[in-house]
Amino acid sequence: MHRSHLTRRTALAALAAAPLAVASHRAHAADVTLLNVSYDPTRELYRAINRAFTPVYQKQSGDRVTINQSHGGSGAQTRAVLDGLEADVVTLALGADIDALAKRGLVAADWQKRLPDNASPYTSTIVFLVRKGNPKGLKDWSDLLKPGVAVITPNPKTSGGARWNFLAALAWAKAQPGATDASAEDYMRALFRQVPVLDTGARGATNSFVQRGLGDVLLAWENEAWLARKEFGADEYAIVYPSVSILAEPPVSVVDSVVDKRGTRAVAEAYLKFLYSPEGQDIAAKNFYRPRDATVLARYAERYPAIKMVTIEDFGGWPTAQAANFSDGGLFDRIFTPGK
Amino acid sequence: MNRSATQESRSVQAVLIVLTIGLLVAFLLLPLVVVFTQALKDGLAGVLDALSQPDALAAIRLTLLVAAISVPLNAACGLAAAWCVSRFQFRGRNLLITLIELPFSVSPVISGLVWVLLFGASGWFGPFLSQHGIRIIFAVPGLVLATVFVTFPYVARTLIPLMEQQGSAEEEAALTLGAGLWQMLWHVTLPNIGWGLLYGVLLCNARAMGEFGAVAVVSGHIRGQTMTMPLQVEALFNDYDWIGAFSIAGLLALLALVTLVFKAILEWRLERRSGGLL
């Protein structure tokens, strides 16, 4: 529905005024729309980012920008962009999803090198959200196998957060003394035996845990866990940091094929750069994402304890990790048999 | 034992009545009560505030727009189809009836997905459409297409039995007396089936406004742009915005109640006309 932001007349006017514009800033302020296609838990984050970016950009360029949002499971959102949803920027849960767009030529192959920090302006990690007083005494990944403990995590086939959950658990299993691939696989099989339901997205899993009261522990994005505590009462739920987790890097990119067609590259790039600015970093930190900027992080240090984290590189990068674990016949398919 | 079904003992009657009412309360009334109490948790002001949010207004506008396009379209097509099926005997007539009913038996998700497969970027017509800058999927046309598909049978299915029962004698009389096709349609056919048509349109409209599955697939979920009311309810619920979610849900429920009242009135009128056919 969002039409090209320039009507033909303003485009002509802008062309005519181009030589003047160089001398005297811009002659005509344009109304620009951007579509940011994002994953599930970022609703609150981007509402705040968009509110802050609009005046900043207007001061910078004179253009009034309206940013439209679309949210859903990261995999499903990727699918929609592949099917023609005209996203100017994508802000997804993991690199593999943007890789899928790059494979189809929608995004430049070097997308991850175009912005600092692997094109992830903020990070998160995977934590345990447990009920008041942690009645089952869940402290680390090994405790999740205790008899009678029900673990809530979404489906790694559709949810980006679920894939980070999966890899965090796998990282722990592989770091145990004397661990082998087989022992890690056994742990994962045992872990998923404790999972009663696989929701399609992170927010759905949170709702299962919080609203429907299912399970003893929710494997969640750190930001999602903090937000649940904020929404449902800090004394109702506690966050447990396991001995090892994973540095989850949700990446961002402009969608080259769309911005070139719509002529929105400049504003789309400015939007993503804003995420790295001190203001953008502060908004991310306020919304429970770990900022990359060290000074901003220092301000929120007590909220984000330093824990031991592996990275996706320890799994050989997303293409390898995706193929080994989540593709058809991958580790997840081998260890998970639904309906038992 | 040769007792007819209407002569069951009083105790059986009572059990059946209690069971029916119990089920009605548990499955219909209770959820409705929940919707309204949740919406009104912060009083009427909370509801009004939630409904006046720009995204909520956009969702309401879009839902009305989609219904305003797809319902008249389906009324016209349904009328034509019903007329064709009830007035003529031809080869493939049964196939046509089956096709009209197809959307009833197809899962709504599939009803949405077919349009993605046809008009999506990698669909049959995708490259052509994107070359010409025409957007169907993830825009209003896609929402209309999906809605038209799922609501197609309602008008035709209501009219076919009615028109078959009425027969074509009056229309033939009009034609032999020199009426043109439009005159016949306007002065004979439509007055005869008017109430039935209205009934079909009502059902069609209710489904068009309430449809979730099919439109979810083609929507793209752009806030304030391609979110119909049912989609907005889900989005707000997942935003932890209960008042907002239940306010819009309440509005949809009210619509259903209004539909129900109209439906009851129409059924009563139709019964008088057609002797209890519906």
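The values are calculated or read from the model by the stated rules, or taken from the named source; none is laboratory data. All values derive from a computational prediction rather than experimental measurement. No Cβ is skipped: glycine too gets one built from the backbone with ideal geometry, and neighbour counts run over all protein chains shown. We work out accessible area using only protein heavy atoms, side chains counted, and drop any ligands, DNA or RNA first. Shrake-Rupley method; radii C 1.70, N 1.55, O 1.52, S 1.80 Å.
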Practice item. Using just the helices of chain A, give the 222 nm mean residue ellipticity in deg cm²/dmol: DSSP H runs with n ≥ 4 each add -39,500 (n - 2.57), and the total is spread over all residues, rounded to 500. Key: -13000 deg cm²/dmol
Check your understanding: Taking springs between alpha-carbon atoms closer than 10 angstrom, which of B:ILE160, B:ILE243, B:ILE134 fluctuates most in the Gaussian network model of chain B?
Key -> B:ILE134
Review point. Can you list the residues, at least 5 places off or on another chain, whose amide H is less than 5 Å from the amide H of A:VAL197, using H built in the peptide plane?
Key: A:THR153
Revision key, fill the gap. Scalar couplings 3J(HN,Hα) for region B:232-239 by Karplus 6.51 cos²θ - 1.76 cosθ + 1.60 (θ = phi - 60°), nearest whole Hz, x for Gly and Pro, are 5, 4, 4, 4, 5, 4, 6, 7
Check your understanding: Which cross-chain or sequence-distant (5 or more) residues have an amide H under 5 Å from the amide H of A:MET309, H modelled 1.01 Å from N in plane?
Key -> A:SER245
Exercise for review: Could you pull out the pairs from A:LYS230/A:LYS273; A:LYS59/A:LYS273; A:LYS139/A:LYS174; A:LYS157/A:LYS273; A:LYS132/A:LYS157 whose alpha carbons sit more than 22 Å apart here?
Suggested key: A:LYS230/A:LYS273; A:LYS157/A:LYS273; A:LYS132/A:LYS157
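Compute the normalised compactness of chain B: alpha-carbon radius of gyration over 2.2 N^0.38 Å, N being the residue count. Present the calculation step by step, with values, prior to reporting the outcome.
On the way: Rg = 22.6 Å, N = 278, 2.2 N^0.38 = 18.7 Å.
Chain B yields a ratio of 1.21.
Starting from region A:92-123, pick out the trypsin sites (Lys or Arg not before Pro) whose DSSP state is loop and whose Cβ has at most 16 other Cβ atoms within 10 Å.
Numbers: sites: A:LYS103, A:ARG104, A:LYS113, A:ARG114; in loops: A:ARG104, A:ARG114.
Within region A:92-123, the qualifying trypsin sites (Lys or Arg not before Pro) (loop, at most 16 other Cβ atoms within 10 Å) are A:ARG104, A:ARG114.
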Review point. For region B:158-278, what log10 I(q)/I(0) values come out of the Debye formula at q = 0.22 1/Å, with one point per alpha carbon and no solvent?
Key: -1.15
Study note, to complete from the structure: Rounded to the nearest 100 Å², the accessible area buried between B and A, both sides, probe 1.4 Å, is 2100
Practice item. Tell me the label-point distance for the pair B:GLN89, A:THR180, using the 7 Å Cα-to-Cβ offset, in nm and rounded to one decimal. Key: 7.8
Check your understanding: Quick one: helix A:160-174 against the long Cα principal axis of chain A, what's the angle to the nearest 10°, folded into 0 to 90?
Key -> 40
Study note, to complete from the structure: In a Gaussian network model of chain B with springs linking alpha carbons closer than 10 Å, the residue among B:GLY120, B:GLY133, B:GLY194 that fluctuates most is B:GLY133
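How long are the semi-axes of the equivalent ellipsoid of the protein assembly as shown, defined as square roots of 5 times the Cα gyration tensor eigenvalues? Whole Å, largest first. Don't jump to the answer; show the numbers that get you there.
Working: eigenvalues 486, 237, 107 Å².
Values for the protein assembly as shown, descending: 49, 34, 23 Å.
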Exercise for review: Can you tell me the relative contact order of chain B? Whole percent, Cα pairs under 8 Å, sequence separation 6 or more.
Suggested key: 29
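Please state the shape class of region B:144-190: rounded when a/c is under 1.5, otherwise prolate if a/b exceeds b/c and oblate if not, all from the C-alpha gyration tensor.
In terms of gyration-tensor shape, oblate.
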Study note, to complete from the structure: Expected vector for region A:63-76, Karplus 3J(HN,Hα) from phi with 6.51, -1.76, 1.60 and θ = phi - 60°, integer Hz, x for Gly and Pro, equals 7, 8, 10, 10, 10, 8, 10, 9, 10, x, x, 4, x, 5
Practice item. Starting from the Cα of B:VAL109, move 7 Å in the Cα-to-Cβ direction to define the label point; list residues of region B:203-218 whose amide nitrogen is under 18 Å from there. Key: B:211-218
Review point. Taking Cα atoms, how many degrees apart are the long axis of helix A:43-61 and the longest axis of chain A, rounded to 10 and kept between 0 and 90?
Key: 20
Check your understanding: Which loop trypsin sites (Lys or Arg not before Pro) in region A:126-173, with loop taken from DSSP, have no more than 12 other Cβ atoms within 10 angstrom of their Cβ?
Key -> A:LYS132
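Suppose only helical runs count, i.e. DSSP H with n ≥ 4. What mean residue ellipticity at 222 nm does that imply for chain B under -39500 (n - 2.57) per run, divided by all residues and rounded to the nearest 500 deg cm²/dmol?
Working: 15 runs with 208 residues, N = 278.
-24000 deg cm²/dmol, from helical runs alone.
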Check your understanding: Of B:LEU40, B:LEU23, B:LEU255, which is the most mobile in a GNM of chain B whose springs link Cα atoms less than 10 angstrom apart?
Key -> B:LEU23
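Could you work out the Rg to Rh ratio of chain A, with Rh taken as the Kirkwood radius (inverse of the mean 1/r over all Cα pairs)?
Details: Rg = 21.5 Å, Rh = 21.1 Å.
For chain A, the value is 1.02.
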